[in-house]
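Inspection log for the structure reproduced underneath, given as structure tokens.
The values are calculated or read from the model by the stated rules, or taken from the named source; none is laboratory data. These figures come from a predicted structure and were not determined experimentally. Glycine gets a Cβ as well: all are built from the backbone with ideal geometry, and neighbour counts include every protein chain shown. Note: areas computed on protein heavy atoms with side chains; ligands, DNA, RNA excluded. Shrake-Rupley method; radii C 1.70, N 1.55, O 1.52, S 1.80 Å.
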Amino acid sequence: QVQLVESGGGLVQPGGSLALSCAASGIVFALFDMAWYRQVPGKERELVAKITRRDYITYADSVKGRFTISRDNDKETMSLQMRSLRTEDTGVYYCNADRGRTDRLPSVYWGEGTQVTVSS
């Protein structure tokens with residue numbers, strides 16, 4: 001029932017730009033904190049950027065000034081605009097939705113991921 005579907009991944013040269021999107025269904029989108037994570041083989045999945053239900057935004061230090069996260073509650077989508085891409089930005093990017101419950105069982109959902117490869 002709940003689906004998070006990423007799109008926009010692909011191959012890009014260092015210094016280039018790419019835009020990712022996450023389309024959500026089956027949740028009350030406006031009530032969820034949304035985030036992008038990425039993972040490379042042999043490394044822990046790391047938070048890239050988060051935008052909460054209150055529109056508070058957090059970025060990983062490694063992407064500050066280069067990436068921009070946004071959400072559209074009407075379209076129930078979240079986006080990540082990436083520029084000045086580096087080879088170390090390569091990885092599988094995952095969409096995450098978190099209800100942020102503190103008084104009930106957690107409600108956390110993940111997409112299947114989209115591959116971003118930065119290479120010359």
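Side notes on the structure shown:
- Residue list for segment 93-117, restricted to those being touching an Asp or Glu at 6+ places or on another chain (Cβ under 9 Å), hydrophobic (A, V, I, L, M, F, W, C) and surrounded by fewer than 20 Cβ atoms within 10 Å (Cβ to Cβ): VAL108
- Checking every residue in segment 57-71 against the condition of being open to solvent by 50 Å² or more (accessible area, probe 1.4 Å), assigned to a loop (DSSP other than H, G, I, E, B) and farther than 21 Å from GLN115 by Cα gives at least one match.
- When the test is whether a residue is at pLDDT 95 or above and either in a loop (DSSP other than H, G, I, E, B) or under 18 Å from GLN3 (Cα atoms) (or both), ASP103 does not pass it.
- The number of residues in segment 72-92 that are touching a residue at least 60 places away in the same chain (Cβ under 8 Å) and open to solvent by less than 10 Å² (accessible area, probe 1.4 Å) comes to 3.
- Candidates PRO41, PRO14 - the one that is modelled with pLDDT of 95 or more, of a type outside the set (Gly, Ala, Ser), open to solvent by 40 Å² or more (accessible area, probe 1.4 Å) and assigned to a loop (DSSP other than H, G, I, E, B): PRO14
- Qualifying residue in segment 79-102 (condition: among the small types (Gly, Ala, Ser) and under 14 Å from PHE67 (Cα atoms)): yes
- Every pair of residues 6+ apart whose Cβ atoms lie under 9 Å, when the first sits in segment 95-113 and is farther than 21 Å from GLU46 by Cβ and of a type in the set (Lys, Arg) while the second is at pLDDT below 95 and open to solvent by 60 Å² or more (accessible area, probe 1.4 Å): ARG99/PRO106
- Residues of segment 23-38 classified as closer than 21 Å to ASP89 by Cβ and open to solvent by less than 50 Å² (accessible area, probe 1.4 Å), total: 4
- Only one of the numbered conditions (1) in contact with a helix residue (DSSP H, G or I) (Cβ under 8 Å, 6 or more places away or on another chain); (2) open to solvent by less than 70 Å² (accessible area, probe 1.4 Å); (3) not in a loop (DSSP other than H, G, I, E, B) is not met by LEU20, and that is (1).
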